[in-house]
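The values are calculated or read from the model by the stated rules, or taken from the named source; none is laboratory data. It should be emphasised that the depicted structure is a prediction, and the values quoted were computed from it without experimental measurement. Heads up, the Cβs are rebuilt from the backbone with ideal geometry, glycines too, and the neighbour counts pull from every protein chain shown.
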Amino acid sequence: MFKSKRGAHELQTIDGAQSRIDSQPQDSSLGSIVAGRVPALVAGMLNLLCLFWVTFALRYTRLIAGIFANILYKPYPIAKDPKFRACDVTVVLPTTFKTPAELVQCLRCIVNCGPAKVIIVTAVGNVSLVRDLCALNSFHVKVLGVEKLNKRNQIIRALQEVATEITVFADDDVFWPRHYLEHLLAIFEDSQVGAGGTRQRTRRNASPNIWNFLGMSYLERRVWNNITTNAIDGSISTLSGRTAAYRTKILKNEEFYWYFTHDSWLGRPLNTDDDKCLTRFVYSRGWKIALQTAAVLETSLEDNPKYIQQCLRWARAHWRGNFTVMTDESYWRSLDHCWGTYVIYLGQFQTPAILIDGTLSTLLYFAVQDCSECTRTVLFCCFAAWLLFTKVVKLLPHFYRYPEDVRFLPVSILFGYMHGLLNLYALCTLTTTAWGSQSLEELERPKAEYEQVVPLLKETMAEVSYTEPTPGKVMEGDDYFSAMLAPVQCLG
């Protein structure tokens, strides 16, 4: 009896020991699994974070560099004894004569700057009317005509009459400050500079609507981007045709005439994209392009839904011009233009913005999903704040001047994302080369028949006298927020 109890106890002890031995490999196996998963999870998070930061850097390095470039960029000083003065300039003004009153205001500002000569080129049917309008305002200008309104042909027609060393092309809806040419000509103190322009602003209406604000924000962003690339390595996507100065010898020759009038896209002659073609020609001939930030011109853009058509035309010109440079030219990939290569030619494929920002948000979400809720909240709040900053930073000078326009910011951000989709649509419709917001055929017809001329002239003069001019404004100082703080009337 005693022996059987003892044997049973020994058997129970042996079974317990065996069960402990059997359980040890299982615990060890579970630990090894956990130990293996933790590094894998950490490695996965690190990989996602690395991918996030690489994408972030590709997307936003240019913005960070742009902040410093715009703050540190210094305007060209006016020399005590400048190489060129206003008397060395011929202003060429191609016009459709769509808005006579605006043309008069534009001419007042230009004539007030004292160029040697002003040449207006319009449709033959409107030449006499433009001459009469200029005579009424005592503008000493030369008016030429072309059979078909084509900005390239209008420019070539005027170039044949230019005898000065500097030629300035200007649109018929730009407004210069009084000393605009003095500042603009300062860029040519550098003998390697062949062309250049200045800052631009969209004319702000007395009671701006959302379309007017979108036009203002468009030019603010464009000028920002141009200053960034030009300050870093001298590159620029497009020297705007609204106002641009050129050494006449670069353009007044048969080589340029042929190059300019035979520009095409997939075999289709181009009437638009003239400023892209001019920019390409100057760079390809070894000249530099400079931006003078010491003066600002104002211009008017569509302040109605036609603004969408303008955006589409600009987007198509952007794609066509860049693709032409990348296929036909070599300067864009030179070491001298390495920053421009990254920002202008490679950066154009970072569209639409909603796709890139959405990718960054997704990467961040999966990278931090195993973090605490507090950590995730802080990280996403920081990222959202950064995205908001990127949408606002280029508009800070405008909001500094007009804080009440902040009310348009939400719509502006939404339009910015929609603009990326417009870019994709423009990419798919590059064969559309017409002007999107106006019909040139209609504008070629005489603005008024004989019996309508006097009423039209009276109406134009009355409209000009009651339309307060909003000229450009000279910048004061070199800092980023100083642009257009002090108005300088162009009418004296």
- Filter segment 256-288 for residues that are aliphatic (A, V, I, L, M) and touching a Ser or Thr at 6+ places or on another chain (Cβ under 7 Å); the one that is farthest from L181 (Cα to Cα) is L266
- Look at L149 and say whether it is under 17 Å from T99 (Cα atoms), modelled with pLDDT under 90 and not polar (S, T, N, Q). no
- Select from segment 236-271 the residues that are touching a strand residue (DSSP E or B) at 6+ places or on another chain (Cβ under 9 Å) and among the polar types (S, T, N, Q) and write down the one among them that is surrounded by the fewest Cβ atoms within 10 Å (Cβ to Cβ). T261
- Message: Looking at segment 321-333 only, could you name the residues that are of a type in the set (G, A, S) and surrounded by 14 or more Cβ atoms within 10 Å (Cβ to Cβ)?
- Response: G321
- Answer from P94, P100, P82 - the residue that is at pLDDT 95 or above and surrounded by 22 or more Cβ atoms within 10 Å (Cβ to Cβ): P94
- Could you list all residues from segment 367-403 that are in contact with a Leu (Cβ under 7 Å, 6 or more places away or on another chain) and polar (S, T, N, Q)? T390
- Scan of segment 131-163 for residues that are closer than 24 Å to L278 by Cβ and either in contact with a Pro (Cβ under 6 Å, 6 or more places away or on another chain) or in a helix (DSSP H, G or I) (or both), ordered by number: K151, R152, N153, Q154, I155, I156, R157, A158, L159
- Qualifying residues in segment 285-316 (those that are among the charged types (D, E, K, R), assigned to a loop (DSSP other than H, G, I, E, B) and at pLDDT below 95) - the one surrounded by the fewest Cβ atoms within 10 Å (Cβ to Cβ): E302
- Query: Which of the residues belonging to segment 420-433 are within 25 Å of R268 (Cβ to Cβ), part of a helix (DSSP H, G or I) and either hydroxyl-bearing (S, T, Y) or touching a residue at least 60 places away in the same chain (Cβ under 8 Å) (or both)?
  - Reply: L421, L422, N423, L424, Y425, A426, L427
- Message: Tell me whether segment 175-184 contains one or more residues that are surrounded by fewer than 22 Cβ atoms within 10 Å (Cβ to Cβ) and in contact with a Ser or Thr (Cβ under 7 Å, 6 or more places away or on another chain).
- Response: no
- Message: Restricting to segment 272-284, give me the number of residues that are out of contact with any strand residue (DSSP E or B) (no Cβ under 8 Å at 6 or more places or on another chain) and either aliphatic (A, V, I, L, M) or in a helix (DSSP H, G or I) (or both).
- Response: 6
- Note on the structure: Residues of segment 397-416 being surrounded by 14 or more Cβ atoms within 10 Å (Cβ to Cβ) and within 19 Å of the chain's Cα centre (by Cα), in sequence order, are P397, H398, F399, L409, S412, I413, F415, G416
- Message: Yes or no: segment 297-316 includes at least one residue that is more than 26 Å from T248 (Cα to Cα), without any contact (Cβ under 8 Å) to a residue 60 or more places away in the chain and out of contact with any strand residue (DSSP E or B) (no Cβ under 8 Å at 6 or more places or on another chain).
- Response: yes
- Message: Quick check on segment 371-384. Is at least one of its residues out of contact with any Asp or Glu (no Cβ under 6 Å at 6 or more places or on another chain) and touching a residue at least 40 places away in the same chain (Cβ under 8 Å)?
- Response: no
- Task: Could you list, in sequence order, all residues of segment 239-271 that are part of a loop (DSSP other than H, G, I, E, B), touching a Gly at 6+ places or on another chain (Cβ under 8 Å) and aliphatic (A, V, I, L, M)?
- Result: L239
- Message: Looking at T362, T341, T324, T351 in this structure, which one is at pLDDT below 90, closer than 25 Å to L424 by Cβ and not basic (K, R)?
- Response: T351
- With the checklist (1) crowded, with 22+ Cβ neighbours inside 10 Å; (2) out of contact with any helix residue (DSSP H, G or I) (no Cβ under 7 Å at 6 or more places or on another chain); (3) within 27 Å of Q292 (Cα to Cα) in hand, flag the one item N112 doesn't pass. (1)
- Condition broken by Q200, with the remaining ones in (1) farther than 21 Å from L395 by Cα; (2) not in a helix (DSSP H, G or I) satisfied: (1)
- Message: Can you report the number of residues in segment 343-360 which are more than 15 Å from N226 (Cβ to Cβ) and either buried (at least 17 other Cβ atoms within 10 Å of the Cβ) or not β-branched (V, I, T) (or both)?
- Response: 11
- Note on the structure: Exactly one of I236, I227 is in contact with a helix residue (DSSP H, G or I) (Cβ under 7 Å, 6 or more places away or on another chain) and part of a helix (DSSP H, G or I), and that residue is I227
- Does A206 fit the bill of being on the phi < 0 side of the Ramachandran plot, of a type outside the set (D, E), assigned to a loop (DSSP other than H, G, I, E, B) and in contact (Cβ under 8 Å) with a residue 24 or more places away in the chain? no
